[in-house]
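Heads up, the thing below is written out as C-alpha cells.
Please treat every number below as a calculation from the coordinates, not as lab data. The model shown is predicted, which means the values in this text are computed figures rather than measured ones. Cβ: placed from backbone, ideal geometry, glycine included. Neighbour counts: every protein chain shown.
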Amino acid sequence: MDTKSIVYIALFAALTAALALFPPITLPGGVPITAQSLGVMLAGSLAGARRGGLAMALFLLLVAVGLPLLAGGRGGFGIFLGPSGGFLIAWPISAFFIGYTLAKTGTNNLLAMFAIIAFGGIVVMYSFGIPWMIFAAEMTFLKGLTVMMAYVPGDLIKAFIAAFVTQQVRKAYPSL
Amino acid sequence: MLDLYVSGQSFLHRCPAGVKLLVLIAVGTVLFLFNSITPIAVATIFAITLYPMATLSLARAWAQVRPAIWILAILFLVQGLLVSWHIAVFIVLRFAALLLLAGLVTLTTRSSDMIDAITRGLHWLRPIGVNPGKVGLAISLALRFIPVLASVTRDVREAQQARGLERSLVATVIPVAVRMLKMADDISDAIDARGYRP
C-alpha cells in the first residue's frame, strides 16, 4: 500500500474520532445518535472504498484497545459486546459500500450521491446493527426495528450533509 | 492528550499490554455466555475490587461507568418496563462489568505500549498482506491528526467569524476538509521524500 493511502486512512480515522466531540443523544435501546456516522459516510465518499473501509477498521482497532474515541468518551473492547456493537462492526463495510458504489456509478449528482450514501449508511449499517442489538439487549425483532426507526431521520440528514460536502470538496479539491 | 494512563507499580501496571488485551477480550466474551445474574454480579464486584488492587481509587472506577450512566439508566427502564426487572438488572450489570474491566486495562497501560503490543500482535497477519509497520504508522498518524483537526477547525471558525459566517456549517466544514486533504497529501509526499519504508 502506498504512503498516500496510509495517510488518508489515518486522516479519516482521526476525522471520525474528532466527530465524537459533538455530544451524543441516547435513545431507548442504548444505541446513541452521534455525529460519528457522518465520519463513516465521508470516509466512504471522500477517501474511497478501500481507504475508507480501512480507515474505519483502524478507528475500530483504536476503540477496541481502549482509547475513548466514541461519542461520550466511550471506548474499550466491551463496547463491541454492548447493544451498539453490530453498528460499529458495520462501519468499515458501510464505508466500503459507499466508496465502491460511488466510484462504480461515477455520479456527481447530489440526489444520486445522497441515495447511495443513505443506502450505505442506513440499510447496510442497520442490517448488521439491528440483529446484534436484538441479541445483546435481549429484544424482540419487531421492537428492535421500531426502536431503530427513531434514528432514520437523523441518518437521512447526515447522508445529505455527506453528499453535499463530498460534491463541494470534489469541486474545491479536484485532485482528490 | 489521549492517554488515560495512571502511573503505578501494581501487578496490573507491570503485566504486558498484550496479555491484558487478550484477557479482556476473553473475559468480555465469557460474560456473554452466562444468562443468570449471580456470575455477572460476581464479575462486577470482582472488577470493582481490582481497582484498589491496582492502586486506583474507586472514584476512577465510577468515572469509567459515569459517561454511560444515561445509556444504562434508559436501558434499565426500557428492559424493566417491557421485559422484566430481572433482565434489566442483568443487562445493566453485564454492561457495567465490561466498562469497568475495559477501563482498568486503559488506566493501567500506556497508549504507546498498547500500540507496540498491537503492532507485534499483527505479525501473524503478514502472510495475508498486512504490514505491521504500516499499521503502526497509520495508528501514530491518526492519533496525531485528532488534535490537529481540532486546531484547524478552530482556525477556520475564527476566520469565518471575522466574515460573519460563524453560523454557516458549510463555510466551516468545506475549508476544514480541503485543508486536511491538502495536509494529508503534503505529509505523504514528505514521508516519501525521506524514503521511509516501514
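Observations on the structure shown:
- Shape of the protein assembly as shown from the C-alpha gyration tensor: oblate (a/c of 1.5 or more and a/b not above b/c, with a ≥ b ≥ c the square roots of its eigenvalues).
- Simple point charges give the picture: +1 on the Cβ of Lys and Arg, -1 on the Cβ of Asp and Glu, and for the protein assembly as shown a dipole about the Cα centre of about 300 debye.
- Label point distance in nm, residue B:165-residue A:111, each placed 7 Å from Cα along Cα→Cβ: 2.8 nm
- For chain A, the longest principal axis of the Cα atoms and the long axis of helix A:125-136 meet at an angle of about 20 degrees.
- Summarising the amide proton neighbourhood of residue A:33: residues at separation of 5 or more, or on other chains, whose placed amide H is nearer than 5 Å comprise A:25, A:26, A:27.
- Entry note, chain B: the mean residue ellipticity at 222 nm calculated from DSSP H runs of n ≥ 4, each adding -39500 (n - 2.57), is -25000 deg cm²/dmol after division by the residues and rounding to the nearest 500.
- Qualifying trypsin sites (Lys or Arg not before Pro) for region B:37-129 [loop in DSSP, other Cβ within 10 Å: at most 15]: B:110
- Mean-square fluctuations from a GNM of chain B, with a 10 angstrom spring cutoff on Cα atoms, peak among B:151, B:111, B:140 at B:151.
- FRET efficiency for residue B:57 and residue B:197, using Cβ-Cβ distance with R0 set to 35 Å, rounded to 0.05: 0.15
- Proximal lysines relative to residue B:134, as straight alpha-carbon distance under 16 Å, when same-chain residues fewer than 8 apart are discounted: A:4
- GNM flexibility winner over chain A from A:38, A:46, A:11 (Cα, springs under 10 Å): A:11
- Dipole magnitude for chain A: about 360 debye, using +1 per Lys or Arg Cβ and -1 per Asp or Glu Cβ, origin at the Cα centre.
- Computed over region B:25-113, the P(r) curve from all C-alpha pair distances, binned at 5 Å from the origin, holds 3, 14, 23, 22, 21, 10, 5, 2, 1 percent per bin.
- Seen against the Cα atoms of chain B and their longest principal axis, helix B:17-31 is set at about 50 degrees.
- Among B:164, B:80, B:121, residue whose mean-square fluctuation peaks in a GNM of chain B (springs only between Cα atoms under 10 Å): B:164
- Taking the longest Cα principal axis of chain A as reference, the axis of helix A:85-105 is set at about 30 degrees.
- Considering every alpha-carbon pair of chain A, the percent of pairs per 5 Å bin, from zero through the bin containing the longest distance, is 1, 9, 18, 23, 21, 15, 8, 4, 1, 0.
- The value for region B:131-193 of Rg(Cα) / (2.2 N^0.38 Å) is 1.37.
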